[in-house]
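Scroll down for the structure; my scribbles are underneath it.
The values are calculated or read from the model by the stated rules, or taken from the named source; none is laboratory data. All values reported here derive from a predicted model rather than from experimental measurement. Glycine gets a Cβ as well: all are built from the backbone with ideal geometry, and neighbour counts include every protein chain shown. Each accessible area value is taken on the protein alone, full model and side chains, heavy atoms only, with ligands, DNA and RNA left out. Shrake-Rupley method; radii C 1.70, N 1.55, O 1.52, S 1.80 Å.
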Amino acid sequence: QRSGNLSQRIHRSADVVLDSNLANPDILRILQLTGTKYFVDHPTYPDVLNKNTKPTLPDDKQKLVFADGEWKIYQYLDAFPRAYLVGSYIVEPDDQQAVHKLFDPQIDLLQTVILSTKPSLEIKPDPHATVKNVSYTPNKIIFQTESSTNQLLFLSDTYYPGWKAKIDSNKSIDVIQADFALRAVPIP
């Protein structure tokens with residue numbers, strides 16, 4: 001909701017509807033976190049808003065990457081990667097408090113993830129940790145990671161309680177609700 005407060009019943013799905021004010025720092029934060037990388041623009045693109053009054057991304061946060069006639073595609077330059085390793089976390093089991101922390105500008109979401117429960121491993125920062133997406137299909141995602149400490153693998157896909165993760169294709173490990181609606185996996 002525009003107030004930042006959660007309604008009693010929250011519909012969770014892969015579809016997201018955001019306030020159309022792209023100058024709003026809270027909206028930009030969600031776009032960053034979800035890895036929203038491209039925007040399609042057309043003067044008569046079907047929309048509920050008048051295109052002439054619709055705000056766009058700030059100029060320093062977008063780059064024109066495609067144009068064909070009146071169609072344009074802009075890249076959002078501040079989008080986070082779809083998956084990355086994090087060495088710091090905050091545990092916040094209360095959904096409303098997690099949302100408040102999510103929008104706290106003092107929390108660097110590339111460095112710290114907000115978890116619903118404590119991870120099963122002790123997590124420590126490693127500025128040289130890397131993650132590579134090996135395979136991404138609807139039912140199976142494979143990452144290759146490298147780090148000198150235990151890390152949290154953050155994935156900007158929607159969290160669901162039934163998700164399972166395995167380390168080295170055999171050892172099961174928890175998938176944790178992260179940043180209110182997304183996923184994290186503790187990686188040794």
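Some points to look at:
- Residue list for region 55-86, filter: loosely packed, with under 12 Cβ neighbours inside 10 Å and touching a His at 6+ places or on another chain (Cβ under 8 Å): Glu70
- Just one of the listed residues (Ile173, Ile107) is out of contact with any Leu (no Cβ under 9 Å at 6 or more places or on another chain), open to solvent by less than 30 Å² (accessible area, probe 1.4 Å) and free of Cβ contacts under 8 Å to residues at least 60 places away in the same chain, and it is Ile107.
- Residue list for region 116-153, restricted to those being closer than 21 Å to Ala79 by Cα and either among the aliphatic types (A, V, I, L, M) or touching a helix residue (DSSP H, G or I) at 6+ places or on another chain (Cβ under 9 Å) (or both): Ala129, Val131, Val134, Ile141, Leu152, Leu153
- Candidates in region 111-129 are the residues that are of a type outside the set (Gly, Ala, Ser) and open to solvent by 60 Å² or more (accessible area, probe 1.4 Å); of these, the one that is nearest to Thr34 (Cα to Cα) is Gln111.
- Total residues in region 71-104, condition part of a strand (DSSP E or B), free of Cβ contacts under 8 Å to residues at least 60 places away in the same chain, closer than 27 Å to Ser147 by Cα and hydrophobic (A, V, I, L, M, F, W, C): 2
- Each residue in region 155-170 was checked for being among the aromatic types (Phe, Trp, Tyr) and open to solvent by less than 50 Å² (accessible area, probe 1.4 Å), and 1 of them qualify.
- Residues of region 91-117 that turn out to be within 16 Å of the chain's Cα centre (by Cα) and of a type in the set (Ser, Thr, Tyr), as a count: 2
- The one condition in (1) modelled with pLDDT of 95 or more; (2) open to solvent by 50 Å² or more (accessible area, probe 1.4 Å); (3) not small (Gly, Ala, Ser) that Val185 fails to fulfil: (2)
- Within this structure, Lys132 fails the test of being open to solvent by 90 Å² or more (accessible area, probe 1.4 Å) and farther than 14 Å from Pro81 by Cβ.
- Close pairs (8 angstrom Cβ cut-off, 6 or more residues apart or separate chains): in contact (Cβ under 8 Å) with a residue 12 or more places away in the chain in region 142-166, among the acidic types (Asp, Glu) anywhere: Ser147/Asp126; Ser148/Asp126; Thr149/Asp126; Asn150/Glu122; Gln151/Asp126; Phe154/Asp179; Ala165/Asp174
- Hey, Glu122 within 15 Å of Pro188 (Cα to Cα) and without any contact (Cβ under 8 Å) to a residue 40 or more places away in the chain or not: yes
- Scan region 135-154 for residues that are part of a strand (DSSP E or B) and exposed (fewer than 12 other Cβ atoms within 10 Å of the Cβ) and the total you get is 2.
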